[in-house]
Amino acid sequence: MAQLQTELNPAQRPKKKTVLTRFFGQWDLQLMVIPALLLIFVFSYIPMYGVITAFQDYNIFKGITGSPFVGWKHFERFFNDPNFTRVMRNTLVISGLKLAVGFPAPILLALLLNEVRNRFFKRIVQTVSYLPHFLSWVIVSGLAISILSTENGSLNMLLQSLNLIDEPLSWLSMPEYFWTILVTTGVWKEIGFGSIVYLAAIAGVDPSLYEAASMDGASRFKQIFLVTLPSIMPVVVIFFILAVGNLLSAGFEDILLLGKDPILRNVSDVLDTYVYRMGIESQRFSYATAVGLFKAIISVGLLTLANLFARRSGNSLW
Amino acid sequence: MKIRMSSGDRVLTAFVYLFLALLALSTFYPFWNALVVSLNKGMDTALGGVTVWPRSFTLENYEIVFQDKRIIHAFGVSVLRTIIGTASAILCTAIFAYGMTRSELMGRKFYMVACLITMYFSGGLIPSFLLIRELGLFDSFWVFIIPSLISVWNMIVFRTFFLGLPAGLDESAKIDGCGYWGTFFRIVLPLSGPVIATLSLFTAVAHWNDWFMPSIYINNENLIPIQTKLQQILNSNIMTEQMQQLDSAAQARLSAMKSITSKSLSMATMMVATLPIIMVYPFVQRYFVKGVLVGSVKG
């Protein structure tokens, strides 16, 4: 086939136009893509080039072109900063907890929804549980703050009526509960929406597999583990690889909004919020860029590593 | 055929229904409670015990919110930003995607790779921040529109959809004398209703919900959208601080109405900021399920 084409092509185009004339000949088509590519260049590629500020002492007035280079200074500062261990610990612990709880939760929900035969009930649960995904973190954090508040906070009222606590507690000012609150709100917001993909994967499972399994005497409980889960495993693995690639993204908006109390700094400071605090609030642009670059490099490494493991098991991203 | 359930299956079913009912309830309750608190007298709420029904019903929290020019203005900024931002982004991305479907486009492979790279690497927060600043987009309405005009992800979804359209359509349009632009606007765009609806929904939600970008790029009070405004109100727990976020007329009324507290006011503002999403949500549900699946098939 390829051979045929090479033989035919010269005959079809007897006059060989230069690249430039061909390019201008399709100017109307090029006009569809070039403005968009320019925007991508400006808003994606220029910031990529901008990471060199990490190796400079960036000065607002001199800009990237005029600021002096200082090598690895900012990286060294970050590694020797007392915040480094704290920020790294919080990042890894929070995203580890989110991965351990937030990753399986939508899979569990999809499996449970799949067992529901009552269509009306299923629809209600889906409608309600998808909704929080569409709300901003400002609103979700506002709801969480209200539920956890000492002033008519539902959690405090519930625990008091059960006689588990005597006085309303200010949950969002207690470092020991912050991680739990963060993981719970995260799951609350995304469990429903995350289950859509898995539900679709479950819908694609060959029904004859279930018939065969029930012929062999497998209960519905057993069918979940013997048929459904193995069938959706490829999808699960792909999403797991992506989640591992994001291991250094412990969350940003949620931590910023729920961890406002300075008393929480010790447990709430993660790489992304640290970049924000150093860069935007303290205007230490070069230092913050260095921290961000450090994070980006480790993330790409993690993604590659996770993919390597997944390829061994036969399901990989690329 | 009726399938008989074993006793183990019956336990499983009971557990499934119970668990899901609890989940739905725990998702729904915080909204309902916030709505109830926003409709209850603030001083009465402060006594505690307000859960599923207002104890001392009032609309005064909403009166303050709706009479406050700054909150209404912020709401208007959000509406404007969402409409202009979504319409322009969807149109520009669709044109771009259509161009990228044409095999005769010179440099198509190179363009595609240039797009895909941006999905894996980005400069990060600070370089983008410095760029926006150098472009003079600080304190400008255009900072909401221009940087999000082209989305590579949406381009790929559009492109996949366009490639699925019958090839004969393009050819017949060409024979009838349509250029690329004519074909796009007269043939391709009218056939793309479902994908436009899905992507518009997600783009509009992102615009409506964005509070972080304005919080770092906008100082001008007149350009603050409702989500950022809400964040400022929620952030200031103390009533006097909160009052500074309101206009002077609202402050005067607030001091006259002694029964309003910072919590009741926050909840009312929150309900106003959530309302547009809750109102369109039931109508667009079928689109977003499709949208997620389009995305996941590609991913």
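For beta carbons closer than 6 Å, sequence separation of 6+ or different chains, a first residue in the stretch A:288-312 that is not aliphatic (A, V, I, L, M) and a second that is not in a helix (DSSP H, G or I), the qualifying pairs are A:292/B:124; A:295/A:248; A:299/A:248; A:307/A:316; A:307/A:317. Just wondering, is there one or more residues in the stretch B:102-119 that are in a helix (DSSP H, G or I), under 22 Å from the mean Cα position of the chain (by Cα), free of Cβ contacts under 8 Å to residues at least 12 places away in the same chain and within 11 Å of another protein chain (Cβ to nearest Cβ)? No, there is no match, as no residue in the stretch B:102-119 is in a helix (DSSP H, G or I), under 22 Å from the mean Cα position of the chain (by Cα), free of Cβ contacts under 8 Å to residues at least 12 places away in the same chain and within 11 Å of another protein chain (Cβ to nearest Cβ). Screening B:122, B:151 for residues that are surrounded by 15 or more Cβ atoms within 10 Å (Cβ to Cβ), within 25 Å of residue A:27 (Cα to Cα) and not acidic (Asp, Glu) leaves exactly one candidate, B:151. Only residues that are open to solvent by 50 Å² or more (accessible area, probe 1.4 Å) and in contact (Cβ under 8 Å) with a residue 12 or more places away in the chain were counted across the stretch B:182-191, and they come to 2. Contact map, the stretch B:44-68: residues that are more than 13 Å from residue B:34 (Cβ to Cβ) paired with residues that are among the acidic types (Asp, Glu), Cβ distance under 6 Å, separation 6+ or inter-chain. Pairs shown: B:46/A:151; B:55/B:44; B:56/B:44; B:68/B:247. Residues that are of a type outside the set (A, V, I, L, M), farther than 22 Å from residue A:162 by Cα and exposed (fewer than 12 other Cβ atoms within 10 Å of the Cβ) within the stretch B:1-54 comprise B:2, B:4, B:7, B:10, listed in sequence order.
Please specify each residue of the stretch B:41-56 satisfying the condition of being polar (S, T, N, Q) and either in contact with a strand residue (DSSP E or B) (Cβ under 7 Å, 6 or more places away or on another chain) or more than 12 Å from residue B:263 (Cα to Cα) (or both). Across the stretch B:41-56, the qualifying residues are B:51, B:56. Residues in the stretch A:201-226 that are within 33 Å of the chain's Cα centre (by Cα) and assigned to a loop (DSSP other than H, G, I, E, B): A:204, A:205, A:206. Say whether the condition of being surrounded by fewer than 15 Cβ atoms within 10 Å (Cβ to Cβ) and polar (S, T, N, Q) is met by at least one residue in the stretch A:197-210. Yes: one or more hits.
Among the candidates A:92, A:39, A:99, the residue that is within 14 Å of chain B (Cβ to nearest Cβ) and aliphatic (A, V, I, L, M) is uniquely A:39.
Restricting the search to helices (runs of 4 or more DSSP H) fully inside the stretch B:4-96 and requiring at least 2 residues that are over 19 Å from the mean Cα position of the chain (by Cα) and more than 10 Å from chain A (Cβ to nearest Cβ) gives B:7-38, B:60-67. Being outside any helix (DSSP H, G or I), open to solvent by 30 Å² or more (accessible area, probe 1.4 Å) and more than 11 Å from chain A (Cβ to nearest Cβ): is that true of residue B:177 here? Yes; evaluated as a whole, the condition is true for this residue. Against the definition (more than 8 Å from every other protein chain (Cβ to nearest Cβ), without any contact (Cβ under 8 Å) to a residue 40 or more places away in the chain, of a type outside the set (S, T, N, Q) and open to solvent by less than 50 Å² (accessible area, probe 1.4 Å)), how does residue A:25 come out, yes or no? Against the criterion (more than 8 Å from every other protein chain (Cβ to nearest Cβ), without any contact (Cβ under 8 Å) to a residue 40 or more places away in the chain, of a type outside the set (S, T, N, Q) and open to solvent by less than 50 Å² (accessible area, probe 1.4 Å)), residue A:25 does not qualify. If you go through the stretch A:57-77 and keep only what is surrounded by 11 or more Cβ atoms within 10 Å (Cβ to Cβ) and not hydrophobic (A, V, I, L, M, F, W, C), you end up with A:57, A:58, A:59, A:62, A:63, A:67, A:73, A:74, A:76, A:77. Within the option set B:132, B:233, being modelled with pLDDT under 90, out of contact with any Lys or Arg (no Cβ under 9 Å at 6 or more places or on another chain) and surrounded by 19 or more Cβ atoms within 10 Å (Cβ to Cβ) holds for one residue only, B:233. Helices (runs of 4 or more DSSP H) fully within the stretch A:231-304 that include at least 3 residues being within 12 Å of chain B (Cβ to nearest Cβ) and open to solvent by less than 20 Å² (accessible area, probe 1.4 Å): A:253-258, A:271-276.
The values are calculated or read from the model by the stated rules, or taken from the named source; none is laboratory data. Computed from a prediction, not measured in an experiment: that's the story for all the values here. Using ideal geometry, Cβ is built from the backbone for each residue, glycine included, and neighbour counts are taken over all protein chains shown. Side chains are part of the model used for accessible areas, which takes the heavy atoms of the whole protein and leaves out ligands, DNA and RNA. Shrake-Rupley method; radii C 1.70, N 1.55, O 1.52, S 1.80 Å.
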